[in-house]
Amino acid sequence: MIEEEGRVIAVVGRYARIEAQRSRACGHCEVKGACGTSLLERFFGQRPVELLALNAIGAQVGDRVAVGISEQGLLRAAVAAYLVPILALIAGALIGETLGGPWAEAASLLGALLGLVLAFWWLGGYSVVSAPLPGRQPLVLRRLPSTSIAVPGPESRGEAGDSHS
């Protein structure tokens, strides 16, 4: 199960609307600040994400919670969202080129576009059908202890008034 921390901002029936801060993708990578992901994050900023999660534990507004989703469900959703459109684009281009005759290049381009449109159409239906499946829904796993940020006093920072050594 992949877990993320968040805060409940609303309760809607059996579900809780969770606001979670995105995990930094580049924290553990070897090229840290040099990849496209880090550049996009610096340009657009790191905005919180809202998601609707099944609230099996009865979390209330303001609770810090751990939210989880199964690895299998996430993997299937990623394959559907990324791999299917690319394969449909390539297949459409190949079919268009094969059937295009003297206009093979134009038919390939049109076939690629048609394949991509059909893949997105399929993906819309697939997401509606698969969204209610238990393995595909985020789930509120447990409440987390609330944390408060305490600012250390001058004594703990080594700035204790008149003690000169």
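Bear in mind that the values in this text are calculations on the coordinates, not laboratory data. Predicted model only: the values in this text are computed from it and were never measured. Cβ: placed from backbone, ideal geometry, glycine included. Neighbour counts: every protein chain shown.
For region 42-152, the convex hull spanned by the alpha carbon atoms encloses 156 Å³ per residue. For the pair Arg14 and Ala80, label points projected 7 Å from Cα toward Cβ lie 1.8 nm apart.
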